[in-house]
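Dumping the structure here so I can ask a few things about it.
The values are calculated or read from the model by the stated rules, or taken from the named source; none is laboratory data. The structure presented is a predicted model; accordingly, all values stated were derived computationally and were not measured. Using ideal geometry, Cβ is built from the backbone for each residue, glycine included, and neighbour counts are taken over all protein chains shown. Side chains are part of the model used for accessible areas, which takes the heavy atoms of the whole protein and leaves out ligands, DNA and RNA. Shrake-Rupley method; radii C 1.70, N 1.55, O 1.52, S 1.80 Å.
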Amino acid sequence: MSNLNFDPSLSHQLTKRTMALVLAGGRGSRLKQLTDVRAKPAVYFGGKFRIIDFALSNCLNSGIRKISVVTQYKSHSLLRHLQRGWGFLRGELNEFIDLLPAQQRVNEEHWYRGTADAVYQNIDILKSYNPEYIVILAGDHIYKMDYSIMIQDHVASCAGCTVGCIEVPKEEATAFGVMAIDDTRKITAFVEKPANPPTVPGNDTVSLASMGIYVFNANYLYKLLEEDLANPDSEHDFGKNIIPHVVSEGKALAHPFGLSCVPRGDGIEPYWRDVGTVDAFWAANLDLASNWPELNLYDKDWPIWTHQEQLPPAKFVPDDKGTNGVASNTIISGGCIISGSNVSHSVLFSNVRVKSFCTIKQAVILPNTYIGENCKLSKVVIDRGCVIPAGTIIGEDAELDAKRFYRTENGIVLVTKQMLADL
Ligand code: ADQ
């Protein structure tokens, strides 16, 4: 197996022979009530995006134009977003986004069981597109990555499967597949979500984690999936079954994220986030409102595509005593109106209305939310469509917040429509 010697002229040829499969069927239960009505990939992010937009934009920007999205859990919101926002690929040019909800195609006994089964159940569709390489992605991470570099690495190394990887602190590695590699980046051991994660040589605080991003030779993947289905002991999962099997065959290559991440410049670490908890979701959104966010959304060479409603621009108006609506270090999206209130270090998604005399700090407010007069809100995530009654105070009385809403150990309060209705 070789080290990477990237040839940009090869990229286009390889991505044309590649199909991407985005796994978007998981619930993401650590996001608590934010995923009560939608799958994690459909959760809103960064003022106007959904989480899945990042993986899909990476595909487009990498030159992959044949994309299937596999859905299962609470997929309505996700499917609607994809239909409205991602229908611009040109079928006549052999470009598409195919939606693959669980539909018991193989037999009528099971919905998708594990991630490998979700792919297996669509194997006839995959084969019909005749790809040479298949890139399997999770639809629930925020990052910018040029998959064409990873595909080229895969092809140059003659591996059967290439696994994207990143170094993470050992204590976080219990949530990932963890690998050991040799000098040629061949994966020599792989263990899924170990209780005591192995660390990298020479540094016992860091482990090498799988990002859940895989490039396969298509025929090899079909063979693996067929064999896996026949194994009664398998959970039909990539991390638990397929990747360890490939490693045991000596055919897995590790591809460090640093080789193909889209550079942020100025020495900042490559950005890859699993915004899988309320705390992480809140922090990653607020980062975008800071002066120098870790994630650059302003890069014209790597745009993040999404569905956007046609909305009027945001507006700031004074209250009836003449105090103006002001915002600092805050993202304000289309359709928002802030009247006579002060908003700081926050992200307001589309169509948020803030009435007079409110103080809002460190808030992530999802679309179509209405905030009545005299509210004081801090360290909150407010779900789509909430109506916050006038005079509501959140973020000052931990016990009261925890009683009325969901409060994390770090003091971030999640408010949903249902919680407000139950008050
Ligand atoms: P997990 O984080 O546990 O581990 P998993 O639950 O397998 O991820 O989900 C991976 C992706 O598949 C997610 O995008 C999810 O939405 C989707 N998904 C889950 N179940 C599905 C189903 N039944 N149908 C369709 N889609 C489904 C994996 C790997 C680890 C790796 C981490 C990186 O197993 O080895 O370290 O991802 O985050």
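Relative contact order of the range 8-276: what whole-number percent is it, with Cα pairs under 8 angstrom and at least 6 residues apart? Provide the component values of the computation, followed by the final result.
Details: 518 pairs, mean separation 58.8, N = 269.
Answer for the range 8-276 is 22 percent.
Can you compute the label reach from E132? Point 7 Å from Cα along the Cβ direction, backbone N cut-off under 20 Å, restricted to the range 7-40.
Under cut-off, by backbone N: 7-21.
Averaging over all projection directions, find the projected area of the Cα convex hull of the range 192-285 and quote it in nm² with one decimal place. Before the final figure, lay out each step's value.
Numbers: hull surface 36.4 nm².
For the range 192-285, averaging the hull's shadow over all directions gives 9.1 nm².
A further question follows. Relative contact order for the range 315-422 using alpha-carbon pairs under 8 Å, separation at least 6, rounded to a whole percent? All intermediate terms of the calculation are to be shown ahead of the outcome.
Values: 311 pairs, mean separation 17.7, N = 108.
Here the relative contact order equals 16 percent.
Between T277 and K300, what length comes free when the chain is fully extended (0.36 nm per residue of separation minus the Cα-Cα distance, one decimal in nm)? Could you put the intermediate results ahead of the total?
Values: separation 23, 0.36 × 23 = 8.28 nm, distance 2.94 nm.
Gain in length upon complete extension: 5.3 nm.
Let's see if you can work this out: charge +1 on each Lys and Arg Cβ, -1 on each Asp and Glu Cβ, no other charges. What is the dipole magnitude of the range 8-276 about its Cα centre, in debye to the nearest 20? Walk me through the numbers on the way to the answer.
Numbers: 28 positive and 30 negative charges, 205 e Å.
Result for the range 8-276 is approximately 980 debye, rounded to the nearest 20.
Per the 1.4 Å probe, what fraction of the accessible area of the chain, in percent, lies on carbon and sulfur atoms?
On the way: 9130 of 18670 Å².
Carbon and sulfur together cover 49 percent of it.
Same structure again: V413: net charge of surrounding residues, Cβ under 10 Å, Lys/Arg +1, Asp/Glu -1, itself excluded?
Values: positive: K379, R404, R407; negative: D401.
Local charge sum for V413: +2.
Moving on. Quick check: net charge around I52, other residues with Cβ under 10 Å of its Cβ, Lys/Arg +1 and Asp/Glu -1? Spell out each step's value before the answer.
Details: positive: K40, R50; negative: D53, D140.
Its environment carries a net charge of 0.
I want the antiparallel fraction of DSSP beta bridges within the range 339-423, as a percent rounded to 5. Can you show the working numbers first?
Working: 2 of 22 bridges.
Bridges in the range 339-423 are about 10 percent antiparallel.
Now for a different question. Which entries of K127/K223; K186/K223; K66/K127; K40/K379 show an alpha-carbon separation above 19 angstrom in the structure shown?
K186/K223; K40/K379
Calculate how many DSSP beta bridges within the chain are antiparallel, expressed in % of all such bridges and rounded to the nearest 5.
Numbers: 27 of 79 bridges.
Restricted to the chain, the bridges split so that about 35 percent are antiparallel.
In sequence order, what are the phi-derived ³J(HN,Hα) couplings for the range 256-264 according to the Karplus relation 6.51 cos²θ - 1.76 cosθ + 1.60 with θ = phi - 60°, rounded to whole Hz, with x for glycine and proline?
For the range 256-264, the Karplus-derived couplings read x, 3, x, 6, 10, 6, 7, x, 8 Hz, x marking Gly and Pro.
Right, next: Compute the accessible area per residue over the range 1-143, keeping the other protein chains in place, probe 1.4 Å, unit Å². Walk me through the numbers before you get to the answer.
Numbers: 5890 Å² over 143 residues.
Heavy-atom SASA per residue in the range 1-143 reads 41 Å².
What FRET efficiency would be calculated for the residue pair T323, E409, taking the C-beta separation as r and a Förster radius of 35 Å, to the nearest 0.05? Spell out each step's value before the answer.
Details: r = 36 Å, r/R0 = 1.03.
Calculated transfer efficiency: 0.45.
Related question: Roll a 1.4 Å probe over the protein chains and send me the accessible area per residue for the range 253-382 in Å².
Details: 5950 Å² over 130 residues.
With the other protein chains kept in place, the range 253-382 gives 46 Å² per residue.
Which net charge results for the neighbourhood of A252, defined as the other residues with beta-carbon distances under 10 angstrom from its beta-carbon, given Lys and Arg at +1 and Asp and Glu at -1?
Numbers: positive: R185, K186, K251; negative: E249.
Spelling it out: positives minus negatives among the neighbours equals +2.
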